[in-house]
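Where a number appears in this text, it was derived from the coordinates with a stated rule and is not lab data. The structure displayed is predicted, hence computed values, not measured ones. Counting neighbours? That spans all protein chains shown, and the Cβs are built from the backbone with ideal geometry, glycine included.
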Amino acid sequence: MNYLDFVVSYIQKYALNPKLQDFLWPIKIGCIFFSVVFGICLLYFYKTSQYWNIMFYGDLKEFLAYKPSNFIDRKKKWDKIKKRMTANIETEWKLALIEADEFFYDAMADKFNGEEYADLFEQAKSYIADFAGDLIAARESRDKIVQNSAMALEKNKADIFISAYENALKKMRWI
């Protein structure tokens, strides 16, 4: 009998010892209990977490639709919009606001069901509740700019609106 066989037989005798099994019984019960509690916590967070709704479901949807994520393209487009805001020209700020609103609409149309902006916005409100007021004001300003291109737009208001769009898009995990 070689040394390895001796070690294996010794471990088997020790591990199968009834006294040891009686000692380990409460530990086994504790491990099973914590496993069940952990599983229940996972199911709870699965149901209530926005992460699962946005990221997991979004990834599953992309996988099943055979469409790769356009994250890099979206990031470049958003950087272009942000670059417009660095200019000291009011028309650039207006264009940035209009493009940001279109970009936000595209994000909502991809994440939620609906055709109209109002329907999509209502569905998205639960995710972007912190920014809803600024987004509504930004949409109203955008509509006024589209109707009357001579309307004045202050730099600080444009910055607030673009920041609201950016925060909402980040909250939706779009950029």
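Quick one: in the range 131-149, which of the residues that are in a helix (DSSP H, G or I) and small (Gly, Ala, Ser) is surrounded by the most Cβ atoms within 10 Å (Cβ to Cβ)?
Pass one, the range 131-149, residues in a helix (DSSP H, G or I): 131-147.
After this cut, where a residue has to be small (Gly, Ala, Ser) as well, the list is 132-133, 137-138, 141.
Numbers: ALA132: 16, GLY133: 10, ALA137: 14, ALA138: 24, SER141: 20.
Top of the filtered list is ALA138.
Taking the range 87-116 only, how many residues are surrounded by 14 or more Cβ atoms within 10 Å (Cβ to Cβ) and β-branched (Val, Ile, Thr)?
Residues flagged as surrounded by 14 or more Cβ atoms within 10 Å (Cβ to Cβ) and β-branched (Val, Ile, Thr) within the range 87-116 amount to 1.
Please name all residue pairs, on different chains or six or more residues apart, with Cβ atoms under 9 Å, provided the first residue is in the range 139-151 and is farther than 21 Å from LEU120 by Cβ and the second residue is hydroxyl-bearing (Ser, Thr, Tyr).
SER149/THR91; MET151/SER141
Scan the range 117-130 for residues that are surrounded by fewer than 19 Cβ atoms within 10 Å (Cβ to Cβ) and part of a helix (DSSP H, G or I) and jot them down.
Correct list: TYR117, ALA118, ASP119, GLU122, GLN123, ALA129, ASP130.
Is it true that some residue in the range 126-140 is basic (Lys, Arg) and within 15 Å of ILE175 (Cα to Cα)? Please lay out each step first, then the result.
Pass one, the range 126-140, residues basic (Lys, Arg): 139.
In the following step, the residues that additionally are within 15 Å of ILE175 (Cα to Cα) were identified as none.
No, every residue in the range 126-140 fails to be basic (Lys, Arg) and within 15 Å of ILE175 (Cα to Cα).
Restricting the search to the range 156-165, which residues are surrounded by 13 or more Cβ atoms within 10 Å (Cβ to Cβ) and over 24 Å from ASN113 (Cβ atoms)?
So in the range 156-165, the residues surrounded by 13 or more Cβ atoms within 10 Å (Cβ to Cβ) come out as 157-165.
Listed by number, the residues that qualify are LYS157, ALA158, ASP159, ILE160, PHE161, ILE162, SER163.
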